[in-house]
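As structure tokens, the structure follows; a few thoughts come after it.
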Amino acid sequence: MFENDEFVCRHMQLTKGDIVRVIREKELTSFSEIQDETDAGTICGTCVADIEEILEEELERRKSIGN
Ligand code: FES
């Protein structure tokens, strides 16, 4: 589990908060959309699984608030 101000993708300097923000603002639903928006995971790729996990959490949350 990441804190909001913790780096998830160190190469692109993206914190969990940054990733959550882009998912919410642009209503993203897939990792490839996040990658298009942020270039996350394009250097070493070790952050991909963590970003997918954050996306899952967000999608669950979106479902639970019915939107
Ligand atoms: S940590 Fe995300 S590409 Fe390297």
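Considering only alpha-carbon pairs that sit under 8 angstrom and 6 or more positions apart, the relative contact order computed for the chain is 29 percent. The calculated FRET efficiency for Cys44 paired with Ser64, based on their beta-carbon distance and R0 = 25 Å, is about 0.15.
For Arg10 and Phe31, calculate 0.36 nm times their separation in residues minus their Cα-Cα distance, and state this gained length in nm to one decimal. Can you show the working numbers first?
Values: separation 21, 0.36 × 21 = 7.56 nm, distance 1.67 nm.
Taking 0.36 nm per residue and subtracting the Cα distance, the gain is 5.9 nm.
Max-minus-min Cα coordinates of the chain on each principal axis give 35, 23, 18 Å, with the largest extent listed first. Angle of helix 16-26 to the longest C-alpha principal axis of the chain, folded into 0 to 90 degrees and rounded to 10: 50°.
None of the figures in this text is laboratory data; all of them are computed from the coordinates on show. Computed from a predicted structure; not experimentally measured. Note that each Cβ is placed from the backbone with ideal geometry, even for glycine, and that neighbours are counted across all protein chains shown.
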